[in-house]
Structure formats: C-alpha cells, structure tokens
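Peer 1: Okay, here's the structure, questions in a sec.
Any read-out appearing in this document is the output of simple, stated calculations on the displayed coordinates, not a laboratory observation. Quick caveat, the model's predicted, so the values are computed rather than measured. Here the Cβ is made from the backbone with ideal geometry for all residues, glycine too, and neighbour counts use every protein chain on show.
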Amino acid sequence: MKLSTAVLSGLLIAGVAGCSTGPTTSELKITDHTTAIPSARVAVDIAGAEGPRSEPHNSHAVELGLGGTRGNHKQDLAATDKPVVFGGQTFNAPQQLRNEFNFRLVELAYRYRKFFGSNGTFGVEGLGGVGYAHLGLTVSGPTQRATENLGNAGVVLGVGGIWRFGPTTSLQARLAAFGTGRTEGVTSASRLDLYVAQALGRNAAVRAGLASWGATSEREADDSKNSLKSPIHVRFQGVVLGLDVMF
C-alpha cells in the first residue's frame, strides 16, 4: 500500500510538472505578402548538350545563386501573451511591435537537369550543395528598440520542374530547403518559386513570377543563465525577378 501511494504521488508530481512546462516567451512572427524578391544565378555546365546555354537542356552544372529581400510587419502582443525576448531586451505585453527584416541566401550547388520526350518539352531538375543564410532583424516598440544579425552556413537541397512551351521560353518551378542542424542563427529556410524564364541570346535569361520564402531561428530554450530568446519565424511572398547568366 505504501509503495502504491509513493508511485501514485510520483506520477502526480510528474504530471503537474509536465503541465507546467511550456514556452516562456512569445515567438517573433513576421509575415510580409507584398515584397519584391530579386535573385541572380550564375551556372557553368560541366557536361551537357551543345547549343545556347540560355535555353533549358540536359546538363550537369555548378550553380551559384543569390536571393532575398527586405520587409516589415506589425505584431500585436495581447495582454495574455508571453513577452518577446530579443536583442538582450524584454518586450512585455500588451504592445504592438514593428519588425523589420533583411534576408539573404547564397547557394553553391551541383545541378542536374533531364528532359523527356522527343522534343524535350518537359524536364526535371535536382540540386544539392551548401549555402549561407543571413537575417538582419530590428524589433521596435513604443519605448524600446533592438537589432540582431543572424547567420549560418548549411546544406541546400532542391527539386524542380520545367515546361518548355517555346524555343526560348519556359515555365519553371523550384522547391528548395536550407538546413543547419543548429538552434542558433538562421537554423532553416525554404522557398518555392514559380516563374516564366525567357532566354536572351546564348548566355543569359530573365525570370519573372511568384515566390514564397521562409526562414526560422529556433533559439535556445535553456533559461539556466537567464538568457532566453524568442524563436523567430519569417515568411514573405511576392514577385520574383531574376537574372541568369550561363556558360
């Protein structure tokens, strides 16, 4: 009987402790649906068919890419919300925060493209390599302001599809993800691009379409040194405008 009582008491204490565990800060959530997202790529074929490099074709290539944007978002903290801890400052609720961000992603990857059918109308691509993501973020309240610059190197993986509906014009889609396995800095990012590409001569092309990007900083959850930080989630969508140079 005493043993059963002890076990029951232990389970009750563990259950209460589990129920009391939870986030002690509010997330910084930034969403901007009205951004323009410029990007640029330089690709060098290491094996592929002869002909203009600007027209999509079967190939093995090395691709260097750069993309990103800047934007802002207002976040309302309700009276019942946890505080936002950022840049060494605590933004207590209730108040409205203005979050301004500047995000950049640089990628260096191997890219493979393969087209199917007698005319090579439809194709797929895959890429893998390394990248570096940078997020500059400023959080402002009525009486406070804090800034942090976050960055990490990581792995980039992506897949895509291509529909050539003209000799020099194609509709392309690409989904790519960036990850680090860390909890500080920019810990992960992703993007989905859908655009029309138009070749310009033999070695250049322009792109225009729509894109949705996201970036996350998980942040440390250990309060042992009184250094809690709010997790950060940034998402932005808008028009993507790109220039490709290919050799």
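Peer 1: Springs between alpha-carbon atoms under 10 Å, Gaussian network over the chain: tell me which of Arg104, Arg235, Arg202 tops the mean-square fluctuations.
Peer 2: Between Arg104, Arg235, Arg202, it is Arg202 that shows the largest mean-square fluctuation.
Peer 1: Output ³J(HN,Hα) for the stretch 104-119: one whole-Hz value per residue in order, computed from phi by the Karplus curve 6.51 cos²θ - 1.76 cosθ + 1.60 with θ = phi - 60°, and x for Gly and Pro.
Peer 2: Each residue's phi maps through the Karplus curve to give 9, 9, 10, 10, 10, 9, 7, 10, 10, 10, 9, 10, 10, x, 5, 9 Hz.
Peer 1: Can you work out the FRET efficiency for the pair Lys114 and Gln198, with r the C-beta to C-beta distance and R0 = 22 Å, to the nearest 0.05?
Peer 2: Working: r = 22 Å, r/R0 = 0.99.
Here the calculated transfer efficiency is 0.50.
Peer 1: Using amide H atoms built 1.01 Å from N in the peptide plane, name the residues 5+ places from Ser54, or on other chains, whose amide H lies under 5 Å from its own.
Peer 2: The answer is Asn203, Ala204.
Peer 1: What does the C-alpha gyration tensor say about the overall shape of the stretch 27-246? Classify as rounded when a/c is under 1.5, otherwise prolate if a/b is larger than b/c, or oblate.
Peer 2: prolate
Peer 1: Have a look at the DSSP beta bridges in the stretch 27-246 and tell me what percent are antiparallel, nearest 5. Write down the numbers at each step before the final one.
Peer 2: Working: 117 of 131 bridges.
About 90 percent, rounded to the nearest 5.
Peer 1: Also, I was wondering about something else. Could you give the dipole magnitude of the chain about its Cα centre, charging the beta-carbon of Lys and Arg +1 and that of Asp and Glu -1, in debye to the nearest 20?
Peer 2: 140 debye
Peer 1: Taking θ = phi - 60°, what integer Hz values does the Karplus form 6.51 cos²θ - 1.76 cosθ + 1.60 yield along the stretch 196-208, in sequence order, with x for Gly and Pro?
Peer 2: Along the stretch 196-208, the couplings run 9, 10, 10, 5, 10, x, 8, 10, 8, 8, 10, 10, 8 Hz.
Peer 1: So which aspartates and glutamates pass the test for Lys74, namely a Cα distance under 16 Å, with those fewer than 8 places away in the same chain ruled out?
Peer 2: In chain and number order, the partners are Glu27, Asp32, Glu100.
Peer 1: How long is the gain from His33 to Glu148 if the chain were fully straight, where each residue apart is worth 0.36 nm and the alpha carbon distance is subtracted?
Peer 2: On the way: separation 115, 0.36 × 115 = 41.40 nm, distance 2.26 nm.
Value of the extension gain: 39.1 nm.
Peer 1: To test your reading of the geometry: what angle, between 0 and 90 degrees and rounded to tens, separates the Cα axis of helix 2-20 from the longest principal axis of the chain?
Peer 2: 50 degrees
Peer 1: Per DSSP H run of at least 4 residues, take -39500 (n - 2.57); add these up for the chain, divide by its residues and hand me the 222 nm value, nearest 500 deg cm²/dmol.
Peer 2: Calculated at 222 nm, the ellipticity per residue is -2500 deg cm²/dmol.
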